[in-house]
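Notes follow the structure.
The values are calculated or read from the model by the stated rules, or taken from the named source; none is laboratory data. Since this is a predicted model, take the numbers as computed values, not measurements. Cβ placement follows ideal geometry from the backbone for every residue including glycine, while neighbour counts extend to all protein chains displayed.
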């Protein structure tokens, strides 16, 4: 799992060059149909009101899939992109 | 109802509360955005197979095909490995569809699922991009793929009924293609005319990456 974590983190930072990435977490899970997924949560830190480039986001899964290896090679990457402020709120609500 | 109207609705919902949007508005916003993709696919599929809703003769068939698109079956089609052989906008549309259907399911049915504004905003933007980049004829091939494998029997019958012999041939062809596994799609995609139609917009720089 550590290897996948490194691959995904490196991939996200490379694809979103110029964006300050606060953290990338990867968690294996199953979706509502029982299919295996990799839940990838990307927390970024950019100015208030700014957003990530959707033209880059739309191709993320296509570019990542070939890089996923081993037992998680067939897992579907499920991305969540959260601003640092929102991620902190989410953490506080969960606590 | 136009698919992009649902995107507008999703944006209205997320901006309807001052400051922090309520969880219910975030959930409904995400769900509306997913349905923009779903209706985009349904509309394109019906247009492709029946030829548009304007002709009175084919209205019933168009409606049947439109309503035959199923969530789970479409998701499975979008996850099929063959999608990788289609143009990038179609593959991106398919991947976004899978992602958003999974999120929509959580938003609609999971009481512990919590959303935040920045995430939903990105999801809406991504869906809008996926729809816009794949709206040309490329998506029609994707729709054909979905229908060949997963169209309900009733819809195939409706198509057959609307077009008589021609429809019967089409229904038979659909069935034959379904039985013939994925090979037929390689033929369609590799066919010179189709390839020109598919690749040209990408080479022209319509798709960003």
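A few notes on this one:
- Complete set of residues in the range A:68-95 that are in a loop (DSSP other than H, G, I, E, B) and at the interface with another protein chain (Cβ under 10 Å from one of its Cβ atoms): A:74
- If you filter the range B:97-115 down to residues that are within 7 Å of chain A (Cβ to nearest Cβ) and at pLDDT 95 or above, you find that the one that is farthest from the chain's Cα centre (by Cα) is B:105.
Matching residues to (1) more than 10 Å from every other protein chain (Cβ to nearest Cβ); (2) without any contact (Cβ under 8 Å) to a residue 24 or more places away in the chain:
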{"residue": "A:8", "(1), (2)": "yes, no"}
{"residue": "A:14", "(1), (2)": "yes, yes"}
{"residue": "A:19", "(1), (2)": "yes, no"}
{"residue": "A:63", "(1), (2)": "no, no"}
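- The requirement of being part of a strand (DSSP E or B) and farther than 21 Å from residue B:102 by Cα is satisfied by residue A:22.
- Residues that are under 14 Å from the mean Cα position of the chain (by Cα) and at the interface with another protein chain (Cβ under 10 Å from one of its Cβ atoms), drawn from the range A:30-53: A:37, A:39, A:41, A:42, A:43, A:44, A:52
- The residues of the range A:32-67 that are surrounded by fewer than 19 Cβ atoms within 10 Å (Cβ to Cβ) and either in a loop (DSSP other than H, G, I, E, B) or on the phi > 0 side of the Ramachandran plot (or both), listed by number, are A:32, A:33, A:34, A:35, A:45, A:46, A:47, A:48, A:49, A:50, A:51, A:53.
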